[in-house]
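What follows draws every value from the coordinates through simple rules; no lab data is involved. On a predicted model such as this, the values are computed, not experimentally measured, just so you know. Glycine also receives a Cβ, built like all others from the backbone with ideal geometry; neighbour counts cover every protein chain displayed.
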Amino acid sequence: MKAEDFLTDPELAYYSRHLVLPEFGEAGQLRLKKGKVLVVGAGGLGAPLLTYLAAAGVGTIGVIDPDCIEASNLHRQVLYGYADIGQPKVEVAAQRLQELNPHIEVVAMQDSLTAANALDIIKDYDVVADGTDNFATRYLVNDACVLLGKPNVYASIYRYEGQLSVFNLLRSDGSRGPHYRDLYPQPPAGALIPNCAEGGVLGVLAGIMGSLQANEVIKILSGSGQPLDGRLLLLDTRDLSTRLVRLPQQSTHQVTELIDYEEFCQSTPTPQMKEISVKELKTWLEQNKDIQLVDVRTALEHRLGNIGGTLVPLEELQQRYHDIDRHKPVVLYCKVGERSAVALQYLQHTHGFTNLYNLQGGIMAWVQAYGLEA
């Protein structure tokens, strides 16, 4: 009998609380022991995810991440301590996980997942858990999983909000669930989505979402519960509200090969942009033309000086695009016209708006012409 086919006495003691679970028991624990999971990213999501996969008894855990530990990581990456600063994340993680559970194997890879190595690395694992923080790697993980027929447990975090889903899951009827490209066919405009270093993130959110990822992995491997297939969980820690969004039940986006993902995420087509001068806008306003004026600056900037209109900060545009009217001219403005241009391109490219104008020079041009305090 192979070692993976039974639980040793120390393992029986370690997993005793799992073994008494209805619909889990020894059979579920043995499936975890035989399971192989690759975690891409050992950061905010990866730290809790790796911890609970190891504690649960996943037999082989691979972890790939090129980074070293920094002080700014520690408020959310609780697998590490202050004395670990400067050390490779995967090496410290592997040591901690082996200390936590000596009955598992941890494969540490201090490297980046790339189009050149992704297929060779992922092919040896049963499940991939995406703990990355950039769009290029998310698309790479997704496409490699689709090509290899592997389920992809996805999560993302930003400020106070998290997302979770299971992509490309093999169903009992032989079909596969939707994947990441069915949720995001194209990457958003880069300036629209700052990273955690720029936008911040609540530390406990990483723990919540990483733990939920571990839960999905355990369900898939053990055969217990219902994985989050064809659904997207949205969590807001500010009021602890959750929403489940249904995704297409069958994928409509084919993947035939891996591509240059950095180029893909930087080359989102830029639609033609209509602009309006402050003189033209002033004429429209004096004529009481039926338009919508939208300020995409921050609430503080708007309070300090504005030319009216609806406040929809650029960082909220993904959630509030439905506040933009589709049936009359809409003029977007910011301080000098750059953020409003990003907003316009996002709305046209992602949501199909055709009635948008960017205010040339922004509110500063208005100030120079008409003397408003900005």
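May I ask you to evaluate 6.51 cos²θ - 1.76 cosθ + 1.60, the Karplus curve with θ = phi - 60°, for each residue of the stretch 28-38 and list the ³J(HN,Hα) values in order in whole Hz, giving x for glycine and proline?
For the stretch 28-38, the Karplus-derived couplings read x, 5, 5, 5, 5, 4, 7, x, 10, 10, 9 Hz, x marking Gly and Pro.
Among Gln287, Gln249, Gln87, which one shows the highest mean-square fluctuation when the chain is modelled as a Gaussian network with alpha-carbon springs under 10 Å?
In this elastic network of the chain, the residue with the biggest mean-square fluctuation among Gln287, Gln249, Gln87 is Gln287.
Among all lysine pairs in the chain that are eight or more places apart or on different chains, how many have alpha carbons less than 12 angstrom apart? Don't jump to the answer; show the numbers that get you there.
Numbers: Lys2/Lys33; Lys2/Lys34; Lys36/Lys123; Lys36/Lys150; Lys123/Lys150; Lys289/Lys328.
The number of close lysine pairs in the chain is 6.
Translational D (Stokes-Einstein, µm²/s) of the chain at 10 °C and 1.306 mPa s when Rh comes from the Kirkwood sum over C-alpha pairs? Numbers along the way, then the final one.
Numbers: Rh = 22.8 Å.
Reported coefficient: 70 µm²/s.
Work through the residues other than Thr8 whose Cβ is under 15 Å from its Cβ and net out their charges, Lys, Arg +1 and Asp, Glu -1.
On the way: positive: Lys2, Lys33, Lys34; negative: Glu4, Asp5, Asp9, Glu11, Glu26, Glu105.
Net local charge, Thr8 excluded: -3.
Of all beta bridges DSSP finds with both residues in the stretch 35-266, what is the antiparallel percent, to the nearest 5? All intermediate terms of the calculation are to be shown ahead of the outcome.
On the way: 19 of 38 bridges.
The antiparallel fraction comes to roughly 50 percent.
Sorted by average packing, counted as other Cβ atoms within 10 angstrom per residue and highest first, what order do 109-115, 237-243, 128-134 take?
Result, highest mean first: 128-134, 109-115, 237-243.
Work through the residues other than Leu32 whose Cβ is under 15 Å from its Cβ and net out their charges, Lys, Arg +1 and Asp, Glu -1. The partial results should precede the final answer.
Values: positive: Arg17, Arg31, Lys33, Lys34, Lys36, Lys219; negative: Glu4, Asp5, Glu11, Glu23, Glu26, Glu105, Asp126, Glu216.
Net charge around Leu32: -2.
Hey, can you rank 348-355, 201-208, 290-297, 164-171 by average C-beta count inside 10 Å, highest first? Before the final figure, lay out each step's value.
On the way: 348-355: 14.8, 201-208: 19.0, 290-297: 20.9, 164-171: 23.1.
So the peptides 348-355, 201-208, 290-297, 164-171, ranked by packing, come out 164-171, 290-297, 201-208, 348-355.
Please list 3J(HN,Hα) in residue order for the stretch 237-247, calculated via the Karplus relation 6.51 cos²θ - 1.76 cosθ + 1.60 where θ = phi - 60°; whole Hz, with x for glycine and proline.
Here the 3J(HN,Hα) series is 6, 5, 10, 6, 7, 10, 9, 10, 9, 7, 9 Hz.
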